[in-house]
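Visitor: Below is one structure. I have some questions about it.
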Amino acid sequence: MKKILLVGKNGQVGWELQRTLAPLGHVIARDSRELDLSVPDAIRDAMRDIRPDLVVNAAAYTAVDKAESEPGLAWAINGDAPGILAEEAKRLNALLVHYSTDYVFDGTQPGAYTEQDTPKPQSVYGQSKLAGEQAVQASGCAHLILRTSWVYGGRGKNFLLTMLRLAREKEELSVVDDQIGAPTWSRLIAETTAQILAQRQSSSFRDGLYHLTAAGETSWHGFAQAIFAAARLERLPRLRPIPSSEYPLPAPRPKNSVLANDKLLQNFGLAMPHWQQGLSLCLEGMA
């Protein structure tokens, strides 16, 4: 039975991956206490002890604004650690799955970004995630880099849970309306990852860089509207659309975070459902 090392088991995506990867092999899951990605030797020791056939790195430094004030830690976890995992994976002839982000782009392009578009990250978080991608690619290991965006789910810290909490606490909410993207349910990411990996033995399997997000697009304000409509809350707060300039943050956000999934469909035959469908399923599960 193939050994699968899952890193970041308690994150939004990692939590879901524990279930979706189980049919593919023996999952050995680690959280940040069990495997500290900021310590290079800890990564090497774990890889050499476990000797996995497949490594799925669902861990990351995701505190986007905090990264601006502690770039060293963000860079160690997002930039250096994936490269070390990749080097060890190559030594073991293992496949590495690594998740990345829409923040590798500056968000100024009209239309959806493809895998061929040139990254231009504007934040420490985005820069460190791009460095991680490049380290994996440079290692020469077999890899899948899966870029996603606006990840949410029923656990952890995310926009969905924040909006549901604030709806109970406030009469009015101001939400940014000039950033667009595709809200992507963590379970969709985990299930799609497993569907891709199930095709690994196929002669047509192609590793490399892919975009993996829900279909469609909306603004954060539009996402909040959809959350409140689908959640059937007893009391709805007033939603006020605002520009990003009215909600300044330490790290700049891409105005356009829409990623094209065409390559995923062409190479694996996987069509991504609309973001509103994922939201409905997620809320049903939470209820």
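Visitor: Express the Stokes-Einstein translational diffusion coefficient of the chain in µm² s⁻¹, to the nearest whole number, given a Kirkwood radius over alpha-carbon pairs, 37 °C and a viscosity of 0.692 mPa s.
Guide: Roughly 169 µm²/s, to the nearest whole number.
Visitor: Decide, for region 18-63, between rounded, prolate and oblate: order the square roots of the alpha carbon gyration tensor eigenvalues as a ≥ b ≥ c, take rounded if a/c falls under 1.5, and otherwise choose prolate if a/b is larger than b/c, else oblate.
Guide: Oblate is the answer for region 18-63, as a/c is 1.5 or above yet b/c matches or exceeds a/b.
Visitor: Take ALA260, project a point 7 Å from its Cα along the Cβ direction, then tell me which residues of region 89-117 have their backbone nitrogen under 20 Å from it.
Guide: Counting only backbone N, you get 100-117.
Visitor: Also, I was wondering about something else. So, in Å, what gap is there between the alpha-carbon centers of region 31-97 and region 124-178?
Guide: A separation of 18 Å, based on Cα centres.
Visitor: Between GLN201 and ALA42, what is the label-point separation in nm under the 7 Å Cα-to-beta-carbon projection?
Guide: Distance between the two pseudo-spin positions: 3.6 nm.
Visitor: Also: Hey, which of these cross-link pairs are over 20 Å Cα-Cα: LYS9/LYS263; LYS2/LYS263; LYS120/LYS255; LYS66/LYS157; LYS9/LYS255?
Guide: Those over the limit are LYS9/LYS263; LYS2/LYS263; LYS9/LYS255.
Visitor: So, R0 is 30 Å and r is the distance between the beta-carbons of SER280 and GLN18; what FRET efficiency does that work out to, to 0.05?
Guide: Efficiency computed from Cβ-Cβ geometry: 0.80.
Visitor: In degrees from 0 to 90, rounded to the nearest 10, what is the angle of the helix 186-197 Cα long axis to the longest principal axis of the chain?
Guide: It is inclined by approximately 30 degrees.
FYI, it's all coordinate maths here, none of it is from the lab. Everything numeric in this text was worked out from a predicted model, so none of it was measured. Note that we place each Cβ from the backbone using ideal geometry, even for glycine, and neighbour counts take in every protein chain shown.
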